[in-house]
1. One residue is enough: does the stretch 99-111 have a residue meeting the conditions in a helix (DSSP H, G or I) and under 17 Å from the mean Cα position of the chain (by Cα)?
2. Name every residue in the stretch 41-79 that is in a loop (DSSP other than H, G, I, E, B) and within 22 Å of residue 5 (Cα to Cα), in order of residue number.
3. Would you check which residues across the stretch 89-121 are at pLDDT 80 or above and surrounded by 10 or more Cβ atoms within 10 Å (Cβ to Cβ) and list them?
């Protein structure tokens, strides 16, 4: 889905004192936590990342240190995403990878009848 690269292309890099994962990578960890645990509370993300650190490193091939997903880092990420004027562009870029449109042939159409499984041309 290219979430990390799209976010990183639109947002400035984290403050120099914040070494480690980029905002895009942190967003991927946060979204993975939300989806896998059905929980949107960022206060539990750090514990979850610590518990699954080995698996996350193997899957992402990122160097995920112990304090990568603190409340402060997640708060910074959400604040910056919320304040950025590039949010509509990020949403558009993300949806371009998720939604595909195909041109279908229109020379023939089918309509389903309410009776049985018969089709009419």
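1. Checked against the condition, which is being in a helix (DSSP H, G or I) and under 17 Å from the mean Cα position of the chain (by Cα), the stretch 99-111 yields no hits at all.
2. Of everything in the stretch 41-79, those that are in a loop (DSSP other than H, G, I, E, B) and within 22 Å of residue 5 (Cα to Cα) turn out to be 61, 62, 63, 64, 65, 67, 68, 69, 70.
3. 89, 90, 91, 92, 93, 94, 96
The values are calculated or read from the model by the stated rules, or taken from the named source; none is laboratory data. Treat the numbers as computed from the prediction; the structure is a model and nothing was measured. Neighbour counts are summed over all protein chains in view; Cβ atoms, including those assigned to glycine, are modelled from backbone coordinates with ideal geometry.
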